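Worksheet for the structure shown next.
The values are calculated or read from the model by the stated rules, or taken from the named source; none is laboratory data. It should be emphasised that the depicted structure is a prediction, and the values quoted were computed from it without experimental measurement. Positions of Cβ are backbone-derived with ideal geometry, glycine not excepted, and every protein chain shown enters the neighbour counts.
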Amino acid sequence: MFVKKRVAVVGAGLTLFRRNLKETGRELAYEATKMALDSAGLNLKDIECVTLGTAPDAFDGIHMKGENLLDGAGAWRKPYSRVFVGGGTGVFVANSGWWHVASGLFDTCLVVAEEKMSSCFPHPQYAFTTIFDPIVDRPLGMNLVWIFALEMHRYMHVHGIKKEQIALVSVKNKRNALDHPCAQLPAKITVEDVLNSEVMVWPVQRLDISPTSDGAAALVLASEDVAKKITDDPVWIDGVGWCIDSTYWTNRDLYYPEYVECAARMAYKMAGIKNPPKEIDVAEPYDPFDYKELHHMEGLLLCGKGEAPKLTEEGVTQRDGDLPINPSGGLLGVGNPIAAAGLMKICEIFWQLRGEAGKRQVPGDPRTGLAQAWGDLMQYGSVIVMRS
Amino acid sequence: MSLEKIGDPHKTKHWMGHMECDYSYTHGIAGEKFFKELKENARIMGTKCKKCGFIYVLPRLFCERCFERLDEWVEASKRGEVHTYTVAHIDVDGNKLKEPIIWAMVKIDKVHGGMVHRLGEVDPKDVKIGMRVEAVFKDKKERTGSMLDIKYFKPVG
Amino acid sequence: MSAKIKKYPGEAIKTEDLRKGRVPVIRWKPKAKYAWSVGVAMSRFLKELKNGRIIARKCRKCGRILVPPRMFCELCFRSTDEWVYVKDTGVVNTYSISYLAADARRLKEPIIVAVIELDGASKGIGIFHHLGEVKKEAVKFGMKVKAVWKPPEERTGAITDIKYFKPAEV
């Protein structure tokens with residue numbers, strides 16, 4: 001395929017992820033964006049365009065949220081757009097930044113993601129009700145956790161997976177998050193803790209779920225020539241993919257995310273990856289629930305269908321394993337400000353591939369990394385493949 | 001597309017509903033300081049960008065032009081001029097107002113920007129663009145740290 | 001994180017501080033009301049529910065019988081061709097046991113929700129609904145269920161004209 005310019009990530013920024021942050025959404029976006037610019041040694045005038053991702057306006061309670069946040073994203077009087085694909089936004093916004101530069105239209109691009117879920121009372125969960133069909137779903141009192149529980153239960157049933165196996169993911173990720181300076185819920189927990197935690201919607205229990213959070217993240221992208229002037233260690237975006245499945249979610253078999261496989265194949269083809277488990281050194285699949293890490297590992301073709309629990313049990317997905325998964329601590333440990341969470345994963349891959357992840361560093365000099373996000377009504381997959 | 005023609009509007013259904021959420025918006029780091037000064041000292045504050053030379057009202061944490069963090073706070077004038085205005089005869093829900101309300105964008109003296117607020121103590125037909133106005137504050141005990149701590153802007157000579 | 005960065009921005013506050021006004025906030029409750037046009041297919045679907053029947057649409061090209069019905073097939077991207085009644089019985093494709101209401105309130109007695117593949121619709125084509133008259137321990141994947149309808153005079157043309165699905169006598 002023809003790509004006009006190779007694109008690199010040259011800087012990254014992240015705020016703390018917390019249940020409530022005092023900053024306005026705009027201020028959060030500013031903090032992450034400024035950090036990303038500083039880390040690349042750039043000024044705002046060096047940036048040619050901005051793309052921002054943020055999830056439902058209903059959380060922050062400000063419609064046209066993209067417009068509200070633009071100053072903080074450095075987009076004043078610049079070419080600007082906002083993308084939104086539910087939870088898939090965090091990786092998709094980086095994909096959109098990619099095409100801004102790869103097309104040859106711009107040499108530098110700021111990619112920003114922000115979410116402030118704390119504004120919504122009684123609980124951000126309630127804002128989610130507005131995503132469901134008002135005729136067939138909402139009158140039945142639908143709740144987001146219900147539908148994920150339906151997906152989790154189907155996945156467990158088709159492959160005969162037990163809760164104990166899934167709980168291992170929560171244990172691993174929360175433990176990994178102990179080394180992440182922005183983490184909201186790092187913890188040393190055991191499988192028993194997960195199995196004894198409050199049942200929310202069986203089979204989902206409290207320690208199976210990531211929290212609601214406020215936070216922001218940002219990246220600086222640059223075309224090949226410009227990137228090489230900015231840094232000795234650019235991280236190349238070699239593959240991007242995205243795909244969406246039907247909103248008639250009751251008309252699909254939920255045990256396997258076809259749309260994630262679709263997005264992954266698109267990214268792998270672009271990156272020339274033929275054997276993902278062998279060629280990917282570190283991966284950050286989306287983990288708003290512990291079973292989702294397993295579900296997505298299979299959709300990303302990192303293992304066969306139903307095999308992800310076994311890899312987790314064998315320690316393959318630990319930081320020092322053969323295929324480290326979510327060394328950052330993921331959404332389960334670091335937090336889940338919807339759009340910023342996905343971009344946080346890309347920040348993590350950026351730092352991992354440059355050897356800058358500190359205590360979270362995956363050993364063995366990883367060269368190829370992957371981040372993936374998932375969104376909407378269990379229907380969207382976005383994937384990015386990066387190389388140093 | 002084989003569209004079924006439905007001539008009788010009673011045959012098409014509408015599903016009624018509402019979207020209910022309750023919001024608590026933090027003022028943010030800059031906003032908190034602005035509203036505190038408004039409440040306690042009836043002062044309108046701005047932040048200054050040394051690099052660009054702008055004083056921003058309403059104040060912000062950072063300059064959107066050069067992206068520098070702004071930590072210099074200055075007191076702005078309570079006076080300004082009417083940059084533009086409109087006279088509202090209906091409310092947010094489309095109901096007729098008892099008395100029309102004059103909404104104006106007031107450019108505050110010597111700063112970049114200003115605020116949208118009501119005009120008071122003036123007849124709508126006497127309002128002119130460029131008219132000099134001044135903020136009228138509520139009594140301290142009635143101020144809560146909101147834009148409504150300013151009752152309105154009134155004309156000054 | 002880049003090991004060079006020492007401090008990460010963000011001033012954390014507690015939910016209690018927000019609710020109790022210790023951190024100044026602006027409160028606002030939007031009053032947006034909606035009249036959503038249900039469309040051609042769903043108009044018929046809701047009308048049929050009032051009559052105690054479930055109706056679907058068939059696409060002749062892929063052969064799928066679709067519930068909820070739609071006037072175009074999203075797979076073939078062409079109009080669907082005919083109305084087809086499906087049964088009000090089916091099997092449980094997946095289910096979950098919820099102690100959470102829509103607004104995240106905790107429930108003492110759980111609600112059991114499920115995706116039910118309806119008899120007469122294509123394989124894998126299901127609807128979402130509640131299960132009732134069944135203990136949570138007794139629910140099984142693939143269990144046969146039947147709709148329990150409200151009495152005709154209480155039906156209004158809504159998905160809730162079906163109260164829930166209960167285990168069918170085998």
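Can you tell me which residue among A:VAL136, A:VAL226 is modelled with pLDDT under 95 and more than 25 Å from the chain's Cα centre (by Cα)?
Details: A:VAL226 fails: modelled with pLDDT under 95.
Answer to the selection: A:VAL136.
Out of B:ARG65, B:ARG118, report the one residue that is among the basic types (Lys, Arg) and either over 30 Å from A:LYS34 (Cβ atoms) or touching an Asp or Glu at 6+ places or on another chain (Cβ under 6 Å) (or both). If you could, list the steps in order and put the result at the bottom.
On the way: B:ARG65 fails: either over 30 Å from A:LYS34 (Cβ atoms) or touching an Asp or Glu at 6+ places or on another chain (Cβ under 6 Å) (or both).
Sole residue among the options that is among the basic types (Lys, Arg) and either over 30 Å from A:LYS34 (Cβ atoms) or touching an Asp or Glu at 6+ places or on another chain (Cβ under 6 Å) (or both): B:ARG118.
If you check A:PRO324, A:PRO288, which single one turns out to be at pLDDT 95 or above and out of contact with any strand residue (DSSP E or B) (no Cβ under 6 Å at 6 or more places or on another chain)? Full working, then the answer.
On the way: A:PRO324 fails: out of contact with any strand residue (DSSP E or B) (no Cβ under 6 Å at 6 or more places or on another chain).
Within the list A:PRO324, A:PRO288, the selection yields A:PRO288.
Taking into account only those residues within the stretch B:144-157 that are in a loop (DSSP other than H, G, I, E, B) and within 12 Å of chain C (Cβ to nearest Cβ), which is surrounded by the fewest Cβ atoms within 10 Å (Cβ to Cβ)?
Of all residues in the stretch B:144-157, those in a loop (DSSP other than H, G, I, E, B) come to B:144-146, B:156-157.
Checking the rest, the ones that are also within 12 Å of chain C (Cβ to nearest Cβ) come to B:144-146.
Working: B:THR144: 12, B:GLY145: 19, B:SER146: 14.
Across the stretch B:144-157, the extreme among qualifying residues is B:THR144.
Name the residues in the stretch A:116-145 that are assigned to a helix (DSSP H, G or I) and small (Gly, Ala, Ser), would you?
We begin by selecting, within the stretch A:116-145, every residue assigned to a helix (DSSP H, G or I); these are A:117-119, A:124-131, A:138-140, A:144-145.
Hits for the stretch A:116-145 are A:SER118, A:SER119, A:ALA127.
Kindly establish whether A:LYS278 is free of Cβ contacts under 8 Å to residues at least 24 places away in the same chain and either assigned to a helix (DSSP H, G or I) or closer than 25 Å to A:ALA36 by Cβ (or both). Can you show your working first?
Details: free of Cβ contacts under 8 Å to residues at least 24 places away in the same chain: yes; either assigned to a helix (DSSP H, G or I) or closer than 25 Å to A:ALA36 by Cβ (or both): yes.
In short, yes.
Among the residues of the stretch B:48-67, what is the count of those that are of a type in the set (D, E, K, R), surrounded by 16 or more Cβ atoms within 10 Å (Cβ to Cβ) and assigned to a loop (DSSP other than H, G, I, E, B)?
The initial filter retains those residues of the stretch B:48-67 that are of a type in the set (D, E, K, R), namely B:48, B:50-51, B:60, B:64-65.
Within this subset, residues satisfying the condition of being surrounded by 16 or more Cβ atoms within 10 Å (Cβ to Cβ) are B:48, B:60, B:64-65.
Adding the requirement that they be assigned to a loop (DSSP other than H, G, I, E, B) leaves B:60, B:64-65.
Adding up the residues that qualify gives 3.
Given the criteria among the hydrophobic types (A, V, I, L, M, F, W, C), more than 23 Å from C:LYS7 (Cα to Cα) and more than 10 Å from chain C (Cβ to nearest Cβ), does A:VAL204 qualify? Can you show your working first?
Numbers: among the hydrophobic types (A, V, I, L, M, F, W, C): yes; more than 23 Å from C:LYS7 (Cα to Cα): yes; more than 10 Å from chain C (Cβ to nearest Cβ): no.
So A:VAL204 does not fit the description; no.
For the stretch C:127-166, which positions are in contact with a strand residue (DSSP E or B) (Cβ under 6 Å, 6 or more places away or on another chain), farther than 18 Å from C:ILE55 by Cβ and without any contact (Cβ under 8 Å) to a residue 40 or more places away in the chain?
C:HIS130, C:LEU131, C:GLY132, C:GLU133, C:VAL134, C:LYS136, C:VAL148, C:LYS163, C:TYR164, C:LYS166
Being more than 9 Å from chain C (Cβ to nearest Cβ) and closer than 16 Å to A:ILE346 by Cα is the filter here, so list the residues in the stretch A:1-33 that pass it.
Of everything in the stretch A:1-33, those that are more than 9 Å from chain C (Cβ to nearest Cβ) and closer than 16 Å to A:ILE346 by Cα turn out to be A:VAL7, A:ALA8, A:VAL9, A:VAL10, A:GLY11, A:THR33.
Would you check which residues across the stretch A:184-201 are crowded, with 22+ Cβ neighbours inside 10 Å and in contact with a Phe, Trp or Tyr (Cβ under 8 Å, 6 or more places away or on another chain) and list them?
Correct list: A:GLN184, A:MET200, A:VAL201.
If C:TYR34 meets every condition in (1) assigned to a strand (DSSP E or B); (2) more than 19 Å from A:TYR248 (Cβ to Cβ); (3) out of contact with any Gly (no Cβ under 6 Å at 6 or more places or on another chain) apart from one, which number is that one?
Exception for C:TYR34: condition (3).
Could you identify the single residue in A:ALA36, A:ALA55 that is under 30 Å from A:ARG354 (Cβ atoms), more than 10 Å from every other protein chain (Cβ to nearest Cβ), part of a loop (DSSP other than H, G, I, E, B) and of a type in the set (Gly, Ala, Ser)?
Numbers: A:ALA36 fails: part of a loop (DSSP other than H, G, I, E, B).
After applying the criteria, what remains is A:ALA55.
Does A:VAL91 meet the test of being in a helix (DSSP H, G or I) and either basic (Lys, Arg) or at pLDDT 95 or above (or both)? Give the steps one after another, and end with the answer.
Working: in a helix (DSSP H, G or I): yes; either basic (Lys, Arg) or at pLDDT 95 or above (or both): yes.
For A:VAL91, the condition - in a helix (DSSP H, G or I) and either basic (Lys, Arg) or at pLDDT 95 or above (or both) - is met.
Among the residues of the stretch C:41-62, are any under 25 Å from A:LEU16 (Cα atoms) and not acidic (Asp, Glu)? Walk me through it before giving the result.
Let us first name the residues in the stretch C:41-62 that are under 25 Å from A:LEU16 (Cα atoms), namely none.
Within the stretch C:41-62 (the criterion being under 25 Å from A:LEU16 (Cα atoms) and not acidic (Asp, Glu)), the answer is no, since none of the residues qualifies.
Evaluate the following for B:GLY31: is it outside any loop (DSSP other than H, G, I, E, B), at pLDDT 95 or above and surrounded by 21 or more Cβ atoms within 10 Å (Cβ to Cβ)?
Details: outside any loop (DSSP other than H, G, I, E, B): yes; at pLDDT 95 or above: no; surrounded by 21 or more Cβ atoms within 10 Å (Cβ to Cβ): yes.
Here the answer is no, as B:GLY31 does not meet what is asked.
Any residue at all in the stretch A:59-66 that is touching a residue at least 60 places away in the same chain (Cβ under 8 Å), surrounded by 21 or more Cβ atoms within 10 Å (Cβ to Cβ), closer than 18 Å to A:VAL235 by Cβ and not aliphatic (A, V, I, L, M)?
no
Filter the stretch A:244-275 down to the residues that are outside any loop (DSSP other than H, G, I, E, B), over 18 Å from A:LYS305 (Cα atoms), hydrophobic (A, V, I, L, M, F, W, C) and away from chain C (no Cβ under 14 Å) and list them by number.
Listed by number, the residues that qualify are A:MET266, A:ALA267, A:MET270, A:ALA271.
Do we find that A:PRO122 is in contact with a Leu (Cβ under 9 Å, 6 or more places away or on another chain) and within 26 Å of A:ASP60 (Cβ to Cβ) in this structure?
Details: in contact with a Leu (Cβ under 9 Å, 6 or more places away or on another chain): no; within 26 Å of A:ASP60 (Cβ to Cβ): yes.
So A:PRO122 does not fit the description; no.
Is it the case that C:ARG44 is assigned to a strand (DSSP E or B), crowded, with 19+ Cβ neighbours inside 10 Å and within 12 Å of chain B (Cβ to nearest Cβ)? Before the answer, list the steps.
Numbers: assigned to a strand (DSSP E or B): no; crowded, with 19+ Cβ neighbours inside 10 Å: yes; within 12 Å of chain B (Cβ to nearest Cβ): yes.
Here the answer is no, as C:ARG44 does not meet what is asked.
Hey, does the stretch C:13-23 have a residue that's surrounded by fewer than 14 Cβ atoms within 10 Å (Cβ to Cβ), of a type in the set (A, V, I, L, M, F, W, C) and within 12 Å of chain A (Cβ to nearest Cβ)?
no
Starting from the stretch A:152-181, take each residue that is in a loop (DSSP other than H, G, I, E, B) and list its partners that are among the small types (Gly, Ala, Ser), counting only C-beta distances under 7 angstrom and pairs at least six apart or across chains.
Close Cβ pairs satisfying both conditions: A:HIS180/A:SER328; A:HIS180/A:GLY329; A:HIS180/A:GLY333.
I'd like the residue in the stretch B:70-83 that is in a strand (DSSP E or B) and under 14 Å from B:LYS33 (Cβ atoms) and, out of all such residues, is farthest from the chain's Cα centre (by Cα). Step through it out loud before you land on a result.
We begin by selecting, within the stretch B:70-83, every residue in a strand (DSSP E or B); these are B:72-76, B:79-83.
Then keep just the ones that are under 14 Å from B:LYS33 (Cβ atoms); that gives B:72-76.
Numbers: B:GLU72: 23, B:TRP73: 20, B:VAL74: 20, B:GLU75: 18, B:ALA76: 16 Å.
Once the filter is applied, the top-ranked residue is B:GLU72.
For C:THR89, are the conditions met, namely being surrounded by fewer than 15 Cβ atoms within 10 Å (Cβ to Cβ) and either in contact with a Leu (Cβ under 6 Å, 6 or more places away or on another chain) or polar (S, T, N, Q) (or both)?
no
Here are some residues: A:ALA167, A:ALA149, A:ALA127, A:ALA177. Which one is within 13 Å of another protein chain (Cβ to nearest Cβ), surrounded by 21 or more Cβ atoms within 10 Å (Cβ to Cβ) and out of contact with any Phe, Trp or Tyr (no Cβ under 7 Å at 6 or more places or on another chain)?
Numbers: A:ALA167 fails: within 13 Å of another protein chain (Cβ to nearest Cβ); A:ALA149 fails: out of contact with any Phe, Trp or Tyr (no Cβ under 7 Å at 6 or more places or on another chain); A:ALA127 fails: out of contact with any Phe, Trp or Tyr (no Cβ under 7 Å at 6 or more places or on another chain).
The match here is A:ALA177.
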